[in-house]
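What follows is calculated from the coordinates using simple rules that are stated; it is not laboratory data. Model, not experiment: these values are computed from the prediction. All Cβ positions, glycine included, derive from the backbone under ideal geometry; neighbour counts span all protein chains shown.
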Amino acid sequence: MTRRLRLPDGYHFSRTLRSLLAVRQDPCGRIADGVLWLSARTPEGPASLHLERVGAELTATGHGAGADWIVERADAFAGLRDDVTAFPELAAQHPLVARLAKTFAGVRFPATGLLFHRLIRAVLEQKVTGIEAHRAYRALVKHFGEPAPGPAELLLPPDPEAVAATAYWVFHPFGVEQRRAQALLRCALVAARLEQCVDSAEATRRLTAIPGIGPWTAAEVVRTAYGDADAVSVGDFHIPNTVAWALAGETRGTDARMLELLAPYAGQRGRVCELFALGGIVAPKFGPRMPIRSFARF
């Protein structure tokens with residue numbers, strides 16, 4: 001199945017779609033030179049999505065049992081359902097936000113409609129460095145890996161039933177300690193119900209009811225699964241400082257201060273945080289970096 005999608009002026013292909021990949025060498029996808037390949041477990045079965053930009057059009061092609069489902073949602077995967085029409089007026093309240101909104105006007109929020117794959121990434125990213133999380137993700141996907149349909153030689157995201165049937169210590173060689181492993185197992189057990197959530201609010205409620213899943217993890221998931229531009233990663237190590245620095249010139253901020261400063265951007269608070277990341281805005285850094293650890297021997 002193939003669709004052709006008209007792109008809005010200024011659409012940024014790589015910056016929009018890179019968030020669909022967990023790491024640069026993601027076994028489930030790749031992006032380069034205006035082409036994205038992405039595997040998925042859809043409600044209709046395994047699928048691979050091929051998106052290719054040619055001028056002002058995007059060609060979407062699906063492979064596998066879930067091809068029709070994934071191509072039907074191709075515009076959402078590409079962020080083309082993300083409505084940004086009201087954002088410039090909100091952004092105008094602060095000169096930095098206004099400048100970044102103009103610079104990155106072509107970046108949109110994808111909405112995959114799929115939770116568990118993004119939830120795996122979010123759980124693995126809890127309280128560790130990016131290097132640790134990315135290493136664990138690649139190892140986990142390869143351990144559970146099944147070939148994805150299509151010619152791209154990708155692996156499918158792990159099957160939640162297979163994950164749920166795995167003992168927590170199996171994850172240790174991947175660099176995942178018992179706490180994160182058990183949170184992942186709990187999520188896998190209820191993955192089918194999570195995938196049935198109709199919107200971001202329902203998904204957030206169900207996610208945060210799972211032991212080991214807090215507001216940070218839920219926000220990371222719904223921002224990609226539902227394109228929720230208001231989802232703020234409360235509990236992040238860096239973002240409160242970044243927001244306080246960008247909006248108030250304060251070198252350090254708490255979650256409460258971050259939410260206070262973001263309040264004028266209600267409905268688009270996550271987009272504001274994403275703009276700071278795109279623009280390379282960071283608060284001054286003090287103290288040593290978080291060490292990279294290994295749980296593989298425990």
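Given a Förster distance of 30 Å, report the FRET efficiency between Tyr168 and Phe286 from their Cβ-Cβ distance, rounded to the nearest 0.05. Each step should come with its number before you reach the end.
Working: r = 36 Å, r/R0 = 1.19.
Result of the calculation: an efficiency of 0.25.
Just flag the GluC sites (Glu not before Pro) in the range 1-77 sitting in loop per DSSP whose Cβ has no more than 14 other Cβ atoms within 10 Å. Can you show the working numbers first?
Details: sites: Glu44, Glu52, Glu57, Glu72; in loops: Glu44.
Qualifying residues, ordered by number: Glu44.
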*For the range 32-125, which chymotrypsin sites (Phe, Trp or Tyr not before Pro) are in a loop by DSSP, counting at most 14 other Cβ atoms within 10 Å?*
none
*Cα gyration tensor shape for the range 45-174, rounded if a/c is under 1.5, else prolate or oblate*: oblate
*So, in nm, how far is label Leu259 from label Phe144 when the simple model puts each one 7 Å beyond its Cα toward the Cβ?*
3.1 nm
*Contour minus Cα-Cα distance for Leu189 and Ala201 (0.36 nm per residue)*: 2.3 nm
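Using DSSP to call loops (not H, G, I, E or B), can you name the chymotrypsin sites (Phe, Trp or Tyr not before Pro) in the range 151-221 whose Cβ has at most 12 other Cβ atoms within 10 angstrom? Write out the running numbers ahead of the final one.
Numbers: sites: Tyr168, Trp169, Phe171, Phe174, Trp216; in loops: none.
Hits after loop and neighbour filter: nothing returned.
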*For the chain, average projected area of the Cα convex hull in nm²*: 15.0 nm²
*asked:* What does the extension gain come out to for Arg3 and Glu72, with contour length at 0.36 nm per residue minus their alpha carbon separation?
replied: 24.0 nm
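Apply 1/(1 + (r/R0)^6) to the Cβ-Cβ distance of Arg18 and Gln178, taking R0 = 30 Å, and write down the FRET efficiency to the nearest 0.05. Each step should come with its number before you reach the end.
Numbers: r = 32 Å, r/R0 = 1.05.
For R0 = 30 Å, the calculated efficiency reads 0.45.
Where does the longest stretch of the chain lie that holds no trypsin sites (Lys or Arg not before Pro) found in a DSSP loop with 12 or fewer other Cβ atoms within 10 Å?
Details: sites that count: Arg24, Arg252, Lys285, Arg289, Arg293, Arg297.
It runs 25-251.
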*Subtracting the Cα-Cα distance from 0.36 nm times the residue separation, let me have the gained length for Ile131 to Asp33 in nm, one decimal.*
32.8 nm
*Using a ≥ b ≥ c from the Cα gyration tensor of the range 1-52 (square roots of the eigenvalues), is it rounded, prolate or oblate, where a/c under 1.5 gives rounded and otherwise the larger of a/b and b/c decides, a/b for prolate?*
oblate
*Taking Cα pairs under 8 Å and at least six residues apart, what relative contact order does the chain come out at, in percent?*
17 percent
*Mean residue ellipticity at 222 nm from the helices of the chain, using -39,500 (n - 2.57) per DSSP H segment of n ≥ 4 over the full residue count, to the nearest 500 deg cm²/dmol?*
-11000 deg cm²/dmol
*Using a Gaussian network model of the chain whose springs link C-alpha atoms within less than 10 Å, name the residue from Ala162, Ala78, Ala191 with the highest mean-square fluctuation.*
Ala162
